[in-house]
1. Could you grab me the full set of residues in the stretch 211-239 that are of a type in the set (S, T, Y), out of contact with any strand residue (DSSP E or B) (no Cβ under 8 Å at 6 or more places or on another chain) and farther than 16 Å from A271 by Cβ?
2. Check whether at least one residue in the stretch 43-51 is outside any helix (DSSP H, G or I) and either among the aromatic types (F, W, Y) or out of contact with any Phe, Trp or Tyr (no Cβ under 8 Å at 6 or more places or on another chain) (or both), and report yes or no.
3. Quick check on G180: is it in the same structural domain as V146 (by TED's automatic domain parsing) and closer than 19 Å to V131 by Cα?
4. Identify all residues within the stretch 75-91 that are buried (at least 18 other Cβ atoms within 10 Å of the Cβ) and closer than 27 Å to I108 by Cα; write none if there are none.
5. Whether any residue in the stretch 89-99 is modelled with pLDDT under 95 and among the basic types (K, R) is what I want to check.
6. Assess whether K73 counts as being among the basic types (K, R) and within 23 Å of T207 (Cα to Cα).
7. Assuming P110 fulfils every condition listed in (1) surrounded by 15 or more Cβ atoms within 10 Å (Cβ to Cβ); (2) out of contact with any strand residue (DSSP E or B) (no Cβ under 8 Å at 6 or more places or on another chain); (3) closer than 15 Å to I62 by Cβ apart from one, which condition is it?
8. Taking into account only those residues within the stretch 69-120 that are within 18 Å of N150 (Cβ to Cβ) and of a type in the set (S, T, Y), which is farthest from the chain's Cα centre (by Cα)?
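The values are calculated or read from the model by the stated rules, or taken from the named source; none is laboratory data. Keep in mind the model is a prediction, meaning the values are calculated, not measured. A quick note on method: Cβ atoms are made from the backbone with ideal geometry, for glycine too, and the neighbour counts reach across all protein chains shown.
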Amino acid sequence: MPNFAYINNKYINFKKAKIHIEDRGLQFADSVYEVIAVLKGNLIDLDFHLKRLRYSLTELDIKYKFNQKDLKKIFLKLLNKNNTLNGIIYLQVTRGVQYREHKYENKITPTLIIYTRNKKFNLPGRNFKGVNTVTHEDLRWKRRDVKTVNLLPNVIAANKAKKMKAYEAILLQNGKVTEGTSSNIWIIKKNNLITHPANTDILKGVTRTSILKIIKKTSLRLVEKSFTHKQLLDADEVFLTSSGSFITPILKIDKKKINNGKIGNITLKLAEMYSKSCMHG
């Protein structure tokens, strides 16, 4: 457990951290968030995270202004106070406190919440692991491009995966793959690297954005298009990406083995390239 959290311009003992019972983030999920990976003290893909945060705030008309340099100072100080070298920074901005009503006032002061957690990452090397997954119907709202805390459908699907001893649930909409409950999904077929296009059906993952840059250094052909459940199962290799999982190979989907249940060479190479970029920029 961390020692401190940062709430509305104050560093507070983590056990005593609290928000108002009429905070709209609590009552309406009227809130956005980011999860930033920290690897050996480095803030991974920070610029992409804060760019997406601005986008989410704008799309939901939450009037929170921030200075990137000041926010980074808060992150670093909190990491130091919590002795977090490897882990995540969780940041959440709610619309703020107001009497309970669906309509919101324009002059509400947003609530800012930041804390850290230690975490071990699945990195290329001797202990690099692949995971099992299951599929689940995508029941989420239609603005998945906005990173809100409205995550109950994700929770339901992820809990199904947990009960089936799987790492992640891959979401299906009309027979086609959108993404995971907290990850983007990629398939490799021959020399094609295929992932869902960044539209309102998925969250434009920060790790996804970084992978798109890395791919340019390879001979892979990037194809951003939707693909079916059958194409998912017939892929040569499958992997997921997220800030908490980096690049993680998928070895089994609904009990069907992918690449004979082994980590694919292309997935491993991309994971190595991304891990290296995290450390060296």
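1. S219
2. Yes - at least one qualifying residue is present in the stretch 43-51.
3. yes
4. Scanning the stretch 75-91 gives F75, L78, I89, L91.
5. no
6. Considered against the rule, which asks whether it is among the basic types (K, R) and within 23 Å of T207 (Cα to Cα), K73 comes out as yes.
7. With respect to (1) surrounded by 15 or more Cβ atoms within 10 Å (Cβ to Cβ); (2) out of contact with any strand residue (DSSP E or B) (no Cβ under 8 Å at 6 or more places or on another chain); (3) closer than 15 Å to I62 by Cβ, P110 is out only on (2).
8. Only one residue tops the list, namely Y104.
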